[in-house]
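Down below is the structure, laid out as structure tokens.
The values are calculated or read from the model by the stated rules, or taken from the named source; none is laboratory data. Keep in mind it's a predicted model, so treat the numbers as computed, not measured. Glycine also receives a Cβ, built like all others from the backbone with ideal geometry; neighbour counts cover every protein chain displayed. When the accessible area is computed, the model is the full protein with side chains, heavy atoms only, and any ligands, DNA or RNA have been set aside. Shrake-Rupley method; radii C 1.70, N 1.55, O 1.52, S 1.80 Å.
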Amino acid sequence: MKLKQLPREYQKAIPVLNKLEQAGFEAYFVGGSVRDILLDQPIHDVDIATSAFPEEIKQLFPKTIDIGIEHGTVLVLAEEEQYEITTFRTESTYQDYRRPDHVEFVRSLEEDLKRRDFTINAFALKEDGQIIDLFDGLADLENQILRAVGDPQERFHEDALRMMRGIRFVSQIGFTLEQETAAAIQANHSLLGKISVERINVEFIKMLLGKERSTGLRTFVETQCYIYCPGLRDYGEALLRFADLPDEPLQTESQAWALLIDQLGLQESEIRPFLKEWKCSNQMIREVQMIVHGLIQRKRQMLEPMVLYCLGKENALKTEELMIYFGETPQLEQVAKCYDQLPITSMRELAIDGKKLLSVSDKKPGKWVSDALQAAERAVVEGNLANEASALVDYLQQNNHL
Ligand code: ATP
Ligand code: MG
């Protein structure tokens, strides 16, 4: 098959391919973006594969960055863009069901395409639009089937993460797992226990953010892969209930975690240990904690000023957006309006500070200062008190804070 026209991002990269070819090497567009073009999806990265070895790539292009030279990847800065150029390689020595840390560079495109995970990810594209399809990926694309390249058992033994990748593609592009591929995932699900949590995390989140999340989640449970994911072993039923929620796509990672945690029925105190197991960043954990906290209140009533204030506008809107999964239309405008009407949006806007309190009190500095500021903050946010220094001092005096 030959594409009539290449997307703009690819056209722009043609001089890069030409340069490699003029030096006597082969070069192709490869990977997920070729799949995405064929699916009419927007593409996010232009990956190039070549028979040139990393040193040879670096000699051809004046501006390069070694981003993964041991895996054969060089970042080339050309045509005002950045391109990941990777030498054709095989991954012959697999140990322990994990991606090898050692790869072998080869000069053959076929060898390179053979090591790829699914037939629809194993296309190569020439600059004239010609698609190289060694594993009948075009037929699978047509039939919306996700099929491992070669023997699925072998492929999942080589790198067990491919099973999670398979499940996330089910969710992202809505394809059905080919029967043998699905059976091999089910049979080998326990190998996921060998894979680093960081790599599983990336695929799991992409799965939750996919447009066919329900099917992805059901496949995740049916193949039993969930058992070898952090903290999910006892939650098969809950995950299936999650799969019954409307297929409205989730927008952000923090919302995905928050909805998952809600569906698992975790306590607020369990959020941190759960997300730590998943190796989430502290920043992500804090954001998820806030959204879950907001959601607990929002399921009962609209968010109160103090909760809005603590969440911040962005997280308040993220919380509100989740109401679609609980049979309510998100009232985004109303939430934004309520937030904008808050008398203050941070402690910095309070008309008094610690210094002021120390100047009007005989007490020595101590914890009482922050307690007093928080009491004033709450009274202002809840609309019980004007944000004026004298009113705040009076209020704190009356309440024995000073
Ligand atoms: P995305 O659109 O999310 O980037 P992708 O398929 O491009 O999806 P990448 O991780 O960017 O995923 O990988 C680029 C290509 O490298 C894949 O399309 C596939 O051909 C190959 N690949 C990536 N991970 C693996 C793996 N674990 N096993 C085999 N091939 C892989
Ligand atoms: Mg990619």
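Label zone of GLU142 (point 7 Å out along Cα→Cβ, amide N under 18 Å): in segment 159-198 this covers 175-176, 178.
Take every Cα-Cα pair in the chain and report what % of them are more than 30 Å apart.
Working: 44548 of 80601 pairs.
The proportion of pairs with Cα distances above 30 Å equals 55 percent.
Rolling a 1.4 Å probe over the protein heavy atoms of the chain, with every protein chain left in place, gives an accessible area that is 45 percent carbon and sulfur. Cβ-Cβ distance of GLN59 and GLU314, R₀ of 41 Å, FRET efficiency by 1/(1 + (r/R0)^6): the value works out to about 0.30. Inter-label distance, ALA375 to LYS355: 2.3 nm, where each label sits 7 Å from its Cα along the C-beta direction.
Counting Lys +1, Arg +1, Asp -1, Glu -1, what net charge surrounds ALA243 among other residues with beta carbon under 15 Å of its beta carbon? Could you put the intermediate results ahead of the total?
Numbers: positive: ARG168, LYS211, ARG213, ARG218, ARG241; negative: GLU212, GLU222, GLU237, ASP244, ASP247, GLU248, ASP262.
For residues surrounding ALA243, the net value is -2.
Loop sites only, by DSSP: take the trypsin sites (Lys or Arg not before Pro) in the chain that have at most 16 other C-beta atoms within 10 Å and name the longest stretch containing none of them. Between exposed loop sites, the widest span is 108-210. Within the straight-line cut-off of under 28 Å between alpha carbons, the lysines reachable from LYS313 are LYS206, LYS211, LYS276, LYS279, LYS299, LYS337, sequence neighbours fewer than 8 places apart in one chain being disregarded.
Accessible surface for the chain, divided over its residues, is 49 Å² per residue with a 1.4 Å probe.
For ILE132, the amide hydrogen comes within under 5 Å of the amide hydrogens of ALA124, LEU125, LYS126, counting only partners 5 or more places away or on other chains and with H modelled in the peptide plane.
The gain in end-to-end length when the LYS194 to GLN251 segment is fully stretched comes to 17.5 nm, 0.36 nm per residue minus the alpha carbon separation.
Assign one of three labels to segment 1-135, namely rounded, prolate or oblate, based on the Cα gyration tensor with a ≥ b ≥ c the square roots of its eigenvalues; rounded applies when a/c is under 1.5, prolate when it is not and a/b is larger than b/c, and oblate otherwise. Oblate, since a/c reaches 1.5 and b/c is not below a/b.
Could you check how many percent of all C-alpha pairs in segment 143-243 are farther apart than 20 Å?
On the way: 1413 of 5050 pairs.
Above the 20 Å cut-off, segment 143-243 has 28 percent of its Cα pairs.
Could you name the lysines in cross-link range of LYS63, using Cα to Cα under 28 Å and dropping any fewer than eight places away on the same chain? Those lysines meeting the cut-off are LYS12, LYS19, LYS126.
Could you please report the charge total around PHE105, scoring K, R as +1 and D, E as -1 over all other residues with beta-carbon less than 14 angstrom from its beta-carbon? Don't skip to the answer; put the middle values down first.
Numbers: positive: LYS58, ARG89, ARG107, ARG115; negative: GLU26, GLU55, GLU56, GLU70, GLU91, GLU104, GLU111, ASP112.
Here the charged neighbours net out to -4.
The Rg/Rh ratio of segment 349-397, with Rg taken over Cα atoms and Rh as the Kirkwood radius over Cα pairs, comes to 0.93.
A crude spin-label estimate for the pair GLN130 and GLU180, with each label 7 Å from Cα along the Cβ direction, gives 2.9 nm. With the simple model of a label 7 Å out from the Cα in the direction of the Cβ, LYS12 to GLN82 spans 1.4 nm.
Taking 0.36 nm per residue of separation and subtracting the current Cα-Cα distance, fully stretching the chain between LEU39 and MET284 would add 85.0 nm. Each residue was assigned an accessible area with a 1.4 Å probe, and for SER269 the value is about 100 Å². On the beta carbon distance between LEU332 and ARG98, with R0 = 56 Å, the FRET formula returns roughly 0.80.
Other residues with beta-carbon under 12 Å from the beta-carbon of GLU84 carry, at +1 per Lys or Arg and -1 per Asp or Glu, a net charge of -4. According to the calculation over all Cα-Cα pairs in segment 249-341, the P(r) per 10 Å bin from zero is 17, 53, 27, 4 %. Between the beta carbons of ARG300 and ARG107, assuming R0 = 45 Å, the FRET efficiency works out to 0.10 to the nearest 0.05.
Let me have the 222 nm mean residue ellipticity of the chain computed from DSSP H runs of 4+ only, each contributing -39500 (n - 2.57), with the sum over all residues rounded to the nearest 500. Provide the component values of the computation, followed by the final result.
Details: 19 runs with 199 residues, N = 402.
Taken over the chain, the calculation gives -15000 deg cm²/dmol.
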